[in-house]
Amino acid sequence: MSRFAILVNANAKRGGRRIAAQISKVLPEVAVRRTRSEAEAIEWLRTLVNSDAPPACFIAAGGDGTAMGLVNCLARVLPKDQRLPPIGVIPLGTGNAWANSVGAPKLARALALIHDRPPSPLPLRTFGLVDVAGTLAHFAGAGWDAQVLNDYKDQLDASKGPPKLLAKSVYGYLTAMLFRTAPKALLFGRPNVIVENLGDEVWTMTSDGKLVKMDGVGHGAVLYDGLASVAGVATCPEYGYRFKAFPWAERFLGMMNVRIYDRTTHGAISDIPKLWRGEHPLRGMKDWFTKAVRMTFSRPMPLEVGGDAVGMHRTVEYRLSDRTVDILDWRRLL
């Protein structure tokens, strides 16, 4: 069996039969499966991992939802004490946060690299995973990030013809933020959020980018109690479209980055270029590193987990999973 297996998300931005056929034509020896549901993916993965020669790397051809879907399906198939196999990502989705973080090339180039038989062992980067009520993700949050995601998808669904091409781009993301999310934020205002530490030690980031352990801050400590536009956690520095929403997320493997952004709508709009670049320090931005937090909001807030909207919540617990995942580092492979 090939060292690789490739999962194609039929629901992704470019996940049609043509893509699966293109992959199979270039890589006839690779196991390729186009799936529409979690059940289909789990059935396929269970067959592969229980074979006599399981693949050395499972590749998700899609966006962040496909990549995290693959991770969650493997976590369900494998025993909890068994390490997840290496994961690769080929960017066929919309945001492609993980793919951008590891320098994933476009489809044709990625297939050519795999065809040329990459070196063994494969170059890998280890990422932590956030557990949100049993779902593993590389980022999650409530506030502007989740609302923008919902508004972006609504705008995309409403777009027809040539404008839909723009709606699927970073332009569409920005216009959804400015013309849909921002007016709602102005109308309803910022919620109050209480961030409680549910881990043990807590670290923070100084203005010059140094990690510092916080003295006397342990389990049950309130890290923040105030207004917030964005309140989230991550183990990946990007949100997609190269938006460095959590630029420090990889600085502390074994901890997740907890972030609060408390500026008003007007302040946030003026800060968009700085937010996009992940500048530090940034007025209104607060960072902590811990293994678990509970966030309680003054009103129900839209929540997103790994780029997928999951409804309205007032209280959310985020915990760093015991599991980590090794991601194929395309930059080193290139």
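The values are calculated or read from the model by the stated rules, or taken from the named source; none is laboratory data. Since we're looking at a predicted model, the values are computed, not measured. Note that each Cβ is placed from the backbone with ideal geometry, even for glycine, and that neighbours are counted across all protein chains shown. Surface accessibility is based on the protein's heavy atoms, side chains included, excluding ligands, DNA and RNA. Shrake-Rupley method; radii C 1.70, N 1.55, O 1.52, S 1.80 Å.
Kindly report, to the nearest 10 Å², the accessible surface of H266 as traced by a 1.4 Å probe over protein heavy atoms only.
For H266, the solvent-accessible surface is approximately 130 Å².
Which of these, P91, P247, P123, has the largest mean-square fluctuation under a Gaussian network model of the chain (Cα springs below 10 Å)?
P123
Under a crude label model (7 Å from the Cα following the beta-carbon direction), how far is D52 from S169 in nanometres?
5.2
What does the accessible area per residue of the range 190-334 come to in Å², with a 1.4 Å probe and no ligands, DNA or RNA counted?
44
Sequence gap of 8 or more, or different chains, plus Cα separation below 26 Å: how many lysine pairs satisfy both in the range 164-300?
19
Kindly identify the range 1-116 as rounded, prolate or oblate by the Cα gyration tensor criterion: order the square roots of the eigenvalues as a ≥ b ≥ c, call it rounded if a/c is under 1.5, otherwise compare a/b with b/c, prolate if a/b is larger, else oblate.
Rounded.
Looking at the square roots a ≥ b ≥ c of the eigenvalues of the Cα gyration tensor of the range 221-271, which shape do they give, rounded for a/c under 1.5, prolate if a/b is larger than b/c, or oblate?
Working: a/c = 3.21, a/b = 1.20, b/c = 2.68.
It is oblate, given that a/c is not under 1.5 and a/b is not larger than b/c.
If I model a spin label as a point 7 Å beyond the Cα along the Cα-Cβ vector, how far apart are those points for L187 and H115 in nm?
Rounded to a tenth, the inter-label distance reads 5.2 nm.
Place +1 on the Cβ of every Lys and Arg and -1 on the Cβ of every Asp and Glu in the range 211-299, take the dipole about the Cα centre, and give the residue among F243, L253, G216 whose Cα lies farthest towards its positive end.
Final value for the positive-end residue is F243.
For the chain, build the charge dipole from Cβ charges (+1 Lys, Arg; -1 Asp, Glu) around the Cα centre, then report which of G267, G128, T94 sits farthest towards its positive end.
Looking along the dipole axis, the top candidate is T94.
To the nearest 0.05, how large is the calculated FRET efficiency for A221 and R277 if R₀ is 35 Å and r is the Cβ-Cβ distance? Write out the running numbers ahead of the final one.
Values: r = 31 Å, r/R0 = 0.89.
Working from the Cβ atoms, E equals 0.65.
Which of the peptides 251-262, 233-244, 278-289, 20-31 is most tightly packed, and how do the rest follow, going by the mean number of other Cβ atoms within 10 Å of each residue?
Working: 251-262: 20.7, 233-244: 23.2, 278-289: 17.3, 20-31: 15.5.
Put in order of decreasing packing, that is 233-244, 251-262, 278-289, 20-31.
In Å², and per residue, what accessible area does the range 1-113 have when probed at 1.4 Å with the other protein chains present?
Values: 4770 Å² over 113 residues.
Using a 1.4 Å probe on heavy atoms only, each residue of the range 1-113 averages 42 Å².
In terms of the Cα gyration tensor, with a ≥ b ≥ c the square roots of its eigenvalues, is the range 77-197 rounded because a/c is under 1.5, prolate because a/b exceeds b/c, or oblate?
Oblate shape, in that a/c is at least 1.5 and b/c is the bigger or equal ratio.
Rounding to the nearest 20 debye, state how big the charge dipole of the range 54-169 is about its Cα centre with +1 on each Lys and Arg Cβ and -1 on each Asp and Glu Cβ. Walk me through the numbers before you get to the answer.
Values: 11 positive and 8 negative charges, 76 e Å.
Once rounded to the nearest 20, the dipole reads 360 debye.
How do E304, E38, E201 stack up against each other in accessible area, from largest to smallest, with a 1.4 angstrom probe?
E38, E201, E304
Quick one: pull the percent of accessible area on the range 49-162 belonging to carbon and sulfur, 1.4 Å probe, ligands and nucleic acids left out.
52
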